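No lab work stands behind these numbers, since they all come straight from the coordinates. Owing to the predicted nature of the structure, the values given are computational and were not obtained by experimental measurement.
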Amino acid sequence: MGILGTLVIGFFVGILARLLKPGRSGLGLIMTIILGVAGSVVATYGGQALGVYQVGQPAGFIGAVVGAVVLLFIVEALHKR
């Protein structure tokens, strides 16, 4: 999958990460989606580079969701400071 596919999946991952992350975020929906895209890109290409999963495997989607949720936690922790 190319970068465009990763961005589209990242959009949906951002929305899903917002639903999965507990509590009030303080970030807007657009910022959450942008962080979802960023987390998706990092987790997708990072996981592939580390050999955790191959292109097109369902584990890549799961990794993208986990990456987006982790990125949301980090940004919210920095945002509250």
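Seen against the Cα atoms of the chain and their longest principal axis, helix 29-50 is set at about 30 degrees. Based on C-alpha pairs under 8 angstrom that are at least 6 apart in sequence, the chain has a relative contact order of 37 percent. For Cα Rg over 2.2 N^0.38 Å, computed directly from the structure shown, the correct entry in (1) 1.05; (2) 0.99; (3) 2.19 is (1).
Counted residue by residue at 0.36 nm each, then reduced by the alpha carbon distance between them, the extension gain from Phe11 to Val52 reaches 12.5 nm.
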